[in-house]
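Chemist: Dumping the structure here so I can ask a few things about it.
The values are calculated or read from the model by the stated rules, or taken from the named source; none is laboratory data. Nothing here was measured: the structure is a model prediction, and the numbers come from that model. We place every Cβ from the backbone using ideal geometry, glycine too, and count neighbours over all the protein chains shown. When the accessible area is computed, the model is the full protein with side chains, heavy atoms only, and any ligands, DNA or RNA have been set aside. Shrake-Rupley method; radii C 1.70, N 1.55, O 1.52, S 1.80 Å.
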Amino acid sequence: EIAAEVGLPVFVHDRDSNGEVAETLKRYRSRLSGAVVHCFTGTAQDLKALLDLDCYIGITGWVTEKKRGAGLRDIIGALPLERLLIETDAPFLLPRNLPKGWHAEHAPGISSRRNEPALLSYVAAGVADAMDLSVEAVVEASSANARRLFGL
């Protein structure tokens, strides 16, 4: 309601809502300037419902998780590049494709389990691998989408 009133995009964390978030967004979507479903880990059915509502879909380091991210990697090909955003969900969901020792070299004193915005390139690489695209294509699409969504 607030996002609709002030004319700003809504940013929603949807994890295991079983379609409840999509149903709520459906009631407000026509009044929202945009919608991002952040940290998406849902099913193909969830993805379709959110894309039907013209939502952007935020993908995190979850896509690099061997076991937990398998379902996401299986359906990510159905995500149009025009709806893709990459994100870190810092300080959580550390990309698992991160080189060993990255924190010691680049962020001494910070826990090796802490996700940082500086790790977005590893999320992009995980998305690119799962979508069978170049990292450059993923970064270009996500950047263009963020500029469009937020009016940057």
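Chemist: Taking the residues in the range 8-53 that are surrounded by 15 or more Cβ atoms within 10 Å (Cβ to Cβ) and of a type in the set (D, E, K, R) as candidates, determine which candidate is nearest to the chain's Cα centre (by Cα).
Modeler: Per the stated criteria, the residue is 14.
Chemist: Another question about this same structure. Among 111, 142, 134, which is the only one that is among the hydroxyl-bearing types (Ser, Thr, Tyr) and touching a strand residue (DSSP E or B) at 6+ places or on another chain (Cβ under 9 Å)?
Modeler: The match here is 142.
Chemist: So is residue 5 open to solvent by 70 Å² or more (accessible area, probe 1.4 Å) and among the charged types (D, E, K, R) or not?
Modeler: So residue 5 passes the test.
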